[in-house]
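The values are calculated or read from the model by the stated rules, or taken from the named source; none is laboratory data. Source: prediction; values computed, not measured. Quick reminder, even Gly has a Cβ in these numbers, built from the backbone with ideal geometry, and neighbours come from all protein chains shown. Calculation scope for accessible area: heavy atoms of the full protein, side chains included, ligands and nucleic acids excluded. Shrake-Rupley method; radii C 1.70, N 1.55, O 1.52, S 1.80 Å.
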Amino acid sequence: VQLQASGGGLAQPGGSLRLSCVAAGSVSSINQMGWYRQTSGKARDLVARINNYDFATYGDGVKGRFTISRDTLKKAIYLQMNDLKPQDSAIYYCKAIAGVPRSDYWGQGTQVTVSS
């Protein structure tokens, strides 16, 4: 499974950005996809994930501001980020869980910077 993330950039506090992640390869084996973020010196934290039943889980501090969605036809997930805050600044990574036994697949990171 290969993942291609896009959509990061610079936003002002209170602004919005939309991240996209498109999967290729053995996409039929994917059972969950999600977004994680990482700042320098820290572990990657869950932002949001969604499974094949469209059940979504959100990490701390983003519920109500971020929305994860998926397009099964395009084999993609999206992260709509509203009311961005400076503490949302991080590298955002797309992740898929796929295969038997389950394995983690990561896309390249996309930088999100929230600053005035």
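Checked against the criterion of being over 11 Å from the mean Cα position of the chain (by Cα) and assigned to a strand (DSSP E or B), the candidates Ala5, Ala23 yield just one match: Ala23. Scanning the range 60-116 for residues that are open to solvent by 30 Å² or more (accessible area, probe 1.4 Å), closer than 16 Å to Leu17 by Cβ and among the β-branched types (Val, Ile, Thr) turns up Thr67, Ile91, Thr113.
Being out of contact with any helix residue (DSSP H, G or I) (no Cβ under 9 Å at 6 or more places or on another chain), within 17 Å of Thr110 (Cβ to Cβ) and free of Cβ contacts under 8 Å to residues at least 24 places away in the same chain is a condition met by no residue of the range 7-25. Considering only residues in the range 34-49 that are among the aliphatic types (A, V, I, L, M) and either open to solvent by 20 Å² or more (accessible area, probe 1.4 Å) or touching a Pro at 6+ places or on another chain (Cβ under 6 Å) (or both), the one that is nearest to Cys94 (Cα to Cα) turns out to be Leu46. Touching a strand residue (DSSP E or B) at 6+ places or on another chain (Cβ under 8 Å) and either within 11 Å of Ile91 (Cα to Cα) or open to solvent by less than 30 Å² (accessible area, probe 1.4 Å) (or both): is that true of Gly15 in this structure? Here the answer is yes, as Gly15 does meet what is asked. Restricting Thr39, Thr67 to those that are over 13 Å from Leu3 (Cα atoms), free of Cβ contacts under 8 Å to residues at least 24 places away in the same chain and β-branched (Val, Ile, Thr) reduces the list to Thr67. If you go through the range 55-88 and keep only what is assigned to a loop (DSSP other than H, G, I, E, B) and more than 12 Å from Tyr36 (Cα to Cα), you end up with Phe55, Gly61, Gly64, Arg65, Thr72, Leu73, Lys74, Lys75, Asn82, Asp83, Leu84, Lys85.
Scanning the range 71-103 for residues that are charged (D, E, K, R) and at pLDDT 95 or above, which turns out nearest to the chain's Cα centre (by Cα)? So the residue we want is Lys95. With respect to Ser28, is the statement that it is over 17 Å from Thr113 (Cβ atoms) and modelled with pLDDT under 95 true? Answer is yes for this residue.
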